[in-house]
Every structure is written in structure tokens, then in C-alpha cells.
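The values are calculated or read from the model by the stated rules, or taken from the named source; none is laboratory data. Keep in mind that this is a model prediction, so the values were computed, not measured. Please note: Cβ atoms are built from the backbone with ideal geometry, for glycine as well, and neighbour counts cover all protein chains shown. Just the protein is used for accessible areas: all its heavy atoms, side chains included, with ligands, DNA and RNA removed. Shrake-Rupley method; radii C 1.70, N 1.55, O 1.52, S 1.80 Å.
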Amino acid sequence: MAAQPLPEDDLSCPVCCDIFKEPVVLSCSHSFCDGCLKTYWQDNIQRLCPVCRNASSTDKPPLNLALRNLCLAFRQVSVKRKTSVEYKLCPRHGDQLKLFCLEDKRPVCVDCLTAEHRNHNFCTTQEAAQSYKDILRGAVKPLHNRVAAMKKKKETWEQSGQLCTSQAKAAEERIKEEFSQLHSFLQMEEALLLDELREEQQRKEESIRSKIDEITQAITEISQTTSHIEQEMEVDDLSFLQNFQETEKRSKSSVKDPEDLPEALINTAKYVGNLKYNVWRKILDTLNYTPILLDPNTAHPMLKVSEQLTTLSVSGNQTLPDNAERFDTYLQVLGAEGYASGKHAWEVEVGRNPSWILGVARESLKRKGTVSPLGPASGIWCIWHKDGGYVAVTQPETPLLVKKKPHRVRVELDMERGDVTFTDQALKTTLHKFRCRFTERMFPLLSTGNDPPLRVSSQKISVLKE
């Protein structure tokens, strides 16, 4: 049971007959307001108690802390009760607010029925409170779901930030390793390239931090709205109903879901891909050149792209951010560069790998979830080695006549003619040829589900002085 408050008479000063203010206690155990006692003693040299007339043992009696706390609590309860009573009465008629107007959506008294609420529909405040609480419960649930989704998105962006940093670090180490093999006159080229990398790292890390801050702010605003609504639902029904309209407005959160940030990761291929070729083309020499590079930002988490961006192998499921560019269903990776025109060719060493896919894909190829139908209609032009045989990925699949297992396959893309040709490089025989009209950029596509790795073959390029 709740403790019963003390009667007001027990908390009143015998001198001023008001609630004690800074009460002090005399040696005779009687208490008085400190100010009242000092005023009484101004004309009483003997310092007598105003009640029992016994002399006080001290000129400065101690403060009665327990009594002061009781008086303070009594005042707070009195103010709260007074405010609560006034709050629950009709401001126009002074009667209790027992009904709820369904048209105006606010509590009313009986006298209001014949005034401005004539011909309106009504229900009891209890019924209205329960109904609107149900409405707000429905509004709160999607807000909780949004917070959960944003927290997950925030985690993805935090992973992107960590990977962006590690990518930049790995690229920097690779750049330094490559440049350490060159002569001193190439040091300026190294410095320029490193500066560009660091600028991109700083710019993208700032973008990611900004995106994380944006998501955190959205989570905070929605959480605050949710907390406010839930607090409003805990108050008494009349208080809840009087604030319902404002609470309902707050439940319709105007916070927008942060937009995705494309290409948030470091473009590793820009810095470490074909690095020796790009530098040494300025002098007379020869070097190895890889016609295509693989983009690790598109690779399925179970695929691993080598540091040179030329080898694709199967790995354990890695913890990688689910960025927009990355495949999440098929074990695929795209080339780092797309083609809008011209002729392009590259060779892939498939070796003894028993399950692989080679070909090209359009830029808009779906990266998330399943793709159906699999083939040119969905944006890929590929051949597939599986179950010991070879097929062209069409609907239905087109079996290929292959007399001898190829170890190196050449892929040729002619954007103007719309041709994609696959050749066994050792036998110089055509495995299959697609013909189509390309309407967007095309990217090399590789896929594997087994070892040994697939490797993009390098080419010898002669750099001649004009």
C-alpha cells in the first residue's frame, strides 16, 4: 500500500501556521521555521521555546533535515494534485472530461454535447484511449523496423570504411614495392600517384564517415520519436488523449532513409593495375601487360582476387561489406574496365578447373539475388564448363562440341559488330560465338566454384620510341 501523507497540521510551524520553511529543532524537540524563530527571539533575551517556554541550549539550533524533506515533498504533491485536477476538468464548464468527441478528437464534458459538439459522435475516454493506443502501436512497429534496418546498414558502411582503409593501405604498399624497382628518375611518378591515392582515400573515407553520421542521426531522431511516443502511451488516458494529435504527428517520421553511396571503395585497379606498363611505357623497353583486370569490389564474398587483380580463386566466406557493386548470389566477378566501343580480347588460363564461366556482362547486370532467365536476356553472354561438359549459357542451354579440353580460352568482344567469340587458344578452334546488338557498356565476367584458380594471361607489349 502507498504510504499515507502526514496531515498538513503536523507540517505547520506553530509560529506562522504555514508549512515549515528551513525548519530547525530545539533541545526540547519542538521545531520552528528558522526565520520565525529568529524573529521571535529578537525580543526574548532568554531564547525560550515559543511552545513550552523552556530555554534553548544553543543560539543556533540545528536544521531538522527529515522535517524539511517531508515539507518539500508535501509541497510538490500539493502542486501536482492541484495541476492534475485542473488538467482533467473541462476548461469551459469545469466538469469532468468523461467523453471523447470522435470528430474533433479531444476529450469533452457532458455540457459540451449541447454546445460546440452538437450532433457529433462520442465514445468514452477509455474506449478512445484504447483505440488510439492501438493506432500508435501500429505506428511504432515500422519505426522499430526502420531503426533495425538502419543499424544493419550502418554496420555495412562501417565495414566499408574498414575495407576502404585496408584497400588503400594494401595499394600503397604495392605501389611502394613496384616503385622501389625503378630508377631514381621515376620517384616523381611514384609521389604523384601516391598523392592521388591518398586524396581518393581521404575523400571516400570522409564520404563514408558522413554517411555513417547521417544514418546515426536518422537512427537517433527515429529513436527519440519512438521513445517520446512510448512515454506518452504510459501516461493516464486523459493526458494521453489531450496530447494525442501532436503525438500522432510525431509518429509520422519525416526522416528519410539515407541514399546509398555508389563507388565508395577505393578503385584499386586505378593504382596498382598495369602499374609497370603505365610507368615504363615512357621508356624503351618491354613489359608484361594484362589486358583485363578483375574488380575485387564486385567479387562474391566466397571468391578471392589476387593482389595483382589477375587471378580468381575460391576462398572461405569472407567478411566483406555488401556494397552495391558486389555479387551476393552467384560466384562471379567483373572486370575493372567496361567497354562502350572497339575490339577487345583477353585470354584466361582455365587449366584443370572443372567448373568455370567466361564471357561478358552488361553494366546493368543484376548483382543481388537470382537472375532469371540466365543468358543474353538477363545481360550475360558466356560459356560454362560444368559436369564434364561445355554449354553456351542460353535458354535453353546450347551444348558445345569440344573434342579436347581447353587449357586457355580466348574471349574476343567486338562492340560495333556485336560479336562475342570464344576460342581454344591451343587448337585455334572456335568454341562458340554470340551475336547481339549491345546498347550499354560491357564488362568481362569470370566465375569459378572450384580450384585451381582462373588466371588472366599476360601479354608481351613492345614500347617503341617515336
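For region 169-180, the condition of being surrounded by 13 or more Cβ atoms within 10 Å (Cβ to Cβ), under 11 Å from ALA264 (Cβ atoms) and touching a Phe, Trp or Tyr at 6+ places or on another chain (Cβ under 8 Å) holds for none of the residues.
With respect to the stated conditions, LEU197 is assigned to a helix (DSSP H, G or I), aliphatic (A, V, I, L, M) and open to solvent by less than 40 Å² (accessible area, probe 1.4 Å). Do we have LEU400 as exposed (fewer than 13 other Cβ atoms within 10 Å of the Cβ) and out of contact with any helix residue (DSSP H, G or I) (no Cβ under 6 Å at 6 or more places or on another chain) here? So LEU400 does not fit the description; no.
With respect to GLY418, is the statement that it is touching a Cys at 6+ places or on another chain (Cβ under 6 Å) and small (Gly, Ala, Ser) true? Judged against the criteria, GLY418 is a match. For GLY316, indicate whether it is touching a Cys at 6+ places or on another chain (Cβ under 9 Å), under 28 Å from GLY389 (Cα atoms) and of a type outside the set (Lys, Arg). Taking the combined requirement at face value, the residue does not satisfy it. Go through SER341, SER364 for me and flag whichever is among the hydroxyl-bearing types (Ser, Thr, Tyr), open to solvent by 40 Å² or more (accessible area, probe 1.4 Å) and closer than 23 Å to LEU261 by Cβ. Matching residue, one of SER341, SER364: SER364. Please work out if ASN121 is open to solvent by 30 Å² or more (accessible area, probe 1.4 Å), in contact with a Leu (Cβ under 6 Å, 6 or more places away or on another chain), at pLDDT 80 or above and not β-branched (Val, Ile, Thr). When the stated conditions are applied, ASN121 passes them.
On the stretch given as region 407-438, residues that are outside any strand (DSSP E or B), open to solvent by 70 Å² or more (accessible area, probe 1.4 Å) and free of Cβ contacts under 8 Å to residues at least 40 places away in the same chain total 5. Of a type in the set (S, T, N, Q), at pLDDT 85 or above, part of a helix (DSSP H, G or I) and exposed (fewer than 13 other Cβ atoms within 10 Å of the Cβ): is that true of GLN224 in this structure? Yes, satisfied.
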